[in-house]
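The values are calculated or read from the model by the stated rules, or taken from the named source; none is laboratory data. Keep in mind that what you see is a predicted model, and the values were worked out from it rather than measured. When we count neighbours, we look across all protein chains shown, and the Cβ atoms used for this are built from the backbone with ideal geometry, even at glycine.
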């Protein structure tokens, strides 16, 4: 059997085309008419980025080689295969037959464990998001960290997740905000809650750091801004976490409420 090839990606990554500067100006300018979560999608959008090329053979081959026979239940195998496919293609382009092939089962077997692709996607999302939430709670409760260290730690965790799960993160943004690619009759609130939870954590840290220095509405706009900027940086410069953190550190030092 030939060794699995590294999946290939095609797509521009031009932060200058993303609406970054315009939207940031609107937030820092405290435009009272801005829609809270609209910014997350605006920052995350990159013109011309059409996502990875669909090549299920590469995904399936890599997944099969990583699985140890007999070490997982069928449900576990389905979840691990689904994670690999969703992380490469996102929800809309993922095919159930590719997930089944990666798990080494028939397509019909998936439905014995998961009623549809949407429920399977949510299970995969819950597992990865749960790890992100654990890291956020650890940072929030660390008594030895300053407010800025907590902020940067949470944003770093967000950027690591968004970089490692770019198509999934894109789905969370697009489905939660404008219902794009959302299956019929599905509740976007399930995805919106995840973005909202990150925003709430950032706002709470800002409140703890400067409880009486800024208006609550301003703090909330700052929380939205930071989550949105971290999303844009992670998608446009996924391999430069240190550079992205340096930019956010400078931004906080120069502009955040004291």
Flag if residue 199 is in contact with a helix residue (DSSP H, G or I) (Cβ under 7 Å, 6 or more places away or on another chain) and at pLDDT 85 or above: yes
Any pair with Cβ under 9 angstrom, 6 or more apart, that starts in segment 185-199 at a residue that is not assigned by TED's automatic domain parsing to the domain that holds residue 162 and ends at one that is modelled with pLDDT under 70 and in a loop (DSSP other than H, G, I, E, B): none
Residue match in segment 84-99 (condition: modelled with pLDDT of 90 or more and outside any helix (DSSP H, G or I)): yes
Options 88, 148, 77; residue that is touching a residue at least 12 places away in the same chain (Cβ under 8 Å) and closer than 30 Å to residue 250 by Cα: 148
Subset tally (residues that are in a helix (DSSP H, G or I) and over 28 Å from the mean Cα position of the chain (by Cα)) for segment 100-116: 2
Unmet criterion (only one of (1) surrounded by fewer than 22 Cβ atoms within 10 Å (Cβ to Cβ); (2) outside the structural domain of residue 205 (by TED's automatic domain parsing); (3) at pLDDT 95 or above) for residue 78: (1)
Hits in segment 100-134 - residues which are surrounded by 17 or more Cβ atoms within 10 Å (Cβ to Cβ) and more than 27 Å from residue 157 (Cβ to Cβ): 100, 101, 102, 103, 105, 110, 113, 114, 117
